[in-house]
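Below: the structure, in structure tokens.
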Amino acid sequence: MPTFLLTEPLHNGVLILRLNRPDALNALNTALLEELADLLDDAGLNDDVRSVVITGNERAFAAGADVREMAGLDAVGVMQDPRPRYWARIAAFPKPLIAAVNGYCLGGGCELMMHADIVVASSDAQFGQPEINLGIIPGAGGTQRLIRAVGKALASQMVMTGQPIDAERALQAGLVSELTEPELCLERAIDIARRIARQAPLAMQQAKDVLNRAQESHLAAGLAYERKAFTLLAATEDRNEGIRAFIEKRRPDYRGR
Ligand code: HXC
């Protein structure tokens, strides 16, 4: 049974996950990361799950890796740390992941947020990579994903000063796609997740895969990859259904085939 991750019953194809270590501002300990990787693996294989929303509480999305747990690791411990494997499984989740961020989103929390495809932030959210204040650097994508998201100057400033940016700045920089009032953040993320959940699942998975590929490839390779995925989708029943429904002026009935 999950302890650090609460789930709500699946509704309209949307699975809601809530990070649940409120006493530690949702610091990501190994057990939490393992639960998250397990849950996302299951959700990836469950056809009824069409999109996932991940959130924290009103004070924190997550304030980073668990510093107390990290304190106990020497170099060999870090080398043998199972956490990179959990991060890799989270990154490989093939369905849309939407983050709803209130409050602190720091260190490993900011890195987890950057694994989401879409981020809705509360106006009180703070984003930062404060690892440098602990004599370390980000270790789960906080330099690589951040620089791709916000560019070199702002990423370097965040990583080198350790100072967070506010929600407005995060929106301006493209780190998040929307801002809301604090109490509306989760609701808005669920709205987006529901809309996504109604779309053709195979097209959605291809969309995620191709969008992610853009971060890793040069333009010509990315365009070729996109075209292959586009062509592959021509073989799906849902593609025919989507086009037929448009012509017949009705809502499509997608089957994931
Ligand atoms: C463990 C944490 C924690 C963390 C907060 N807590 N962040 N415990 N790991 N990352 C705990 C505090 O110890 C405290 O527990 C409780 O949560 C409330 O936090 P306070 O500090 O009392 O709250 P506040 O004064 O409001 O300050 C909030 C804060 C501060 C600014 C977010 O907690 C903070 O600076 N936290 C550390 C942030 C950080 O450095 N993150 C990066 C970690 S390194 P008690 O028991 O005292 O009440 C990292 C590396 C990633 O993420 C590498 C990935 C592989």
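The values are calculated or read from the model by the stated rules, or taken from the named source; none is laboratory data. It should be emphasised that the depicted structure is a prediction, and the values quoted were computed from it without experimental measurement. We place every Cβ from the backbone using ideal geometry, glycine too, and count neighbours over all the protein chains shown. Calculation scope for accessible area: heavy atoms of the full protein, side chains included, ligands and nucleic acids excluded. Shrake-Rupley method; radii C 1.70, N 1.55, O 1.52, S 1.80 Å.
Looking at the range 230-253, which of its residues are among the hydroxyl-bearing types (S, T, Y) and either in the same structural domain as G141 (by TED's automatic domain parsing) or open to solvent by less than 50 Å² (accessible area, probe 1.4 Å) (or both)?
Quick first cut of the range 230-253, residues among the hydroxyl-bearing types (S, T, Y) only: 231, 236.
The answer is T236, and nothing else.
Among the residues of the range 77-98, is there at least one that is in a helix (DSSP H, G or I), at pLDDT below 95, away from the ligand (no atom under 12 Å from the Cβ) and not assigned by TED's automatic domain parsing to the domain that holds V210?
Restricting attention to the range 77-98, the residues satisfying the condition of being in a helix (DSSP H, G or I) are 77-79, 83-91.
Next, from what is left, pick out any that are at pLDDT below 95: 77-79.
From what is left, the residues that are away from the ligand (no atom under 12 Å from the Cβ) are 77, 79.
Right, trim to not assigned by TED's automatic domain parsing to the domain that holds V210 and you get 77, 79.
For the range 77-98, residues in a helix (DSSP H, G or I), at pLDDT below 95, away from the ligand (no atom under 12 Å from the Cβ) and not assigned by TED's automatic domain parsing to the domain that holds V210: present.
Each row is one residue, and each column tells you yes or no for (1) under 28 Å from A125 (Cα atoms); (2) surrounded by 18 or more Cβ atoms within 10 Å (Cβ to Cβ); (3) in contact with a strand residue (DSSP E or B) (Cβ under 6 Å, 6 or more places away or on another chain); (4) in contact (Cβ under 8 Å) with a residue 24 or more places away in the chain.
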position	(1), (2), (3), (4)
P164	yes, yes, yes, yes
R188	yes, yes, yes, yes
P201	no, yes, no, yes
L219	no, no, no, no
K228	no, no, no, no
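In the range 38-69, what residues are within 24 Å of C105 (Cα to Cα), open to solvent by less than 60 Å² (accessible area, probe 1.4 Å) and assigned to a loop (DSSP other than H, G, I, E, B)?
If the condition is that a residue be within 24 Å of C105 (Cα to Cα), open to solvent by less than 60 Å² (accessible area, probe 1.4 Å) and assigned to a loop (DSSP other than H, G, I, E, B), then G56, N57, A63, G64, D66 are the ones that fit.
Here is a yes/no grid of residues against (1) farther than 24 Å from N20 by Cα; (2) modelled with pLDDT under 95; (3) among the small types (G, A, S):
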{"site": "A100", "(1), (2), (3)": "no, no, yes"}
{"site": "R145", "(1), (2), (3)": "yes, no, no"}
{"site": "M160", "(1), (2), (3)": "yes, no, no"}
{"site": "V176", "(1), (2), (3)": "no, no, no"}
{"site": "E183", "(1), (2), (3)": "no, no, no"}
{"site": "R198", "(1), (2), (3)": "yes, no, no"}
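How about the range 119-149: which of its residues are over 18 Å from E181 (Cβ atoms), away from the ligand (no atom under 15 Å from the Cβ) and open to solvent by 50 Å² or more (accessible area, probe 1.4 Å)?
I147, R148
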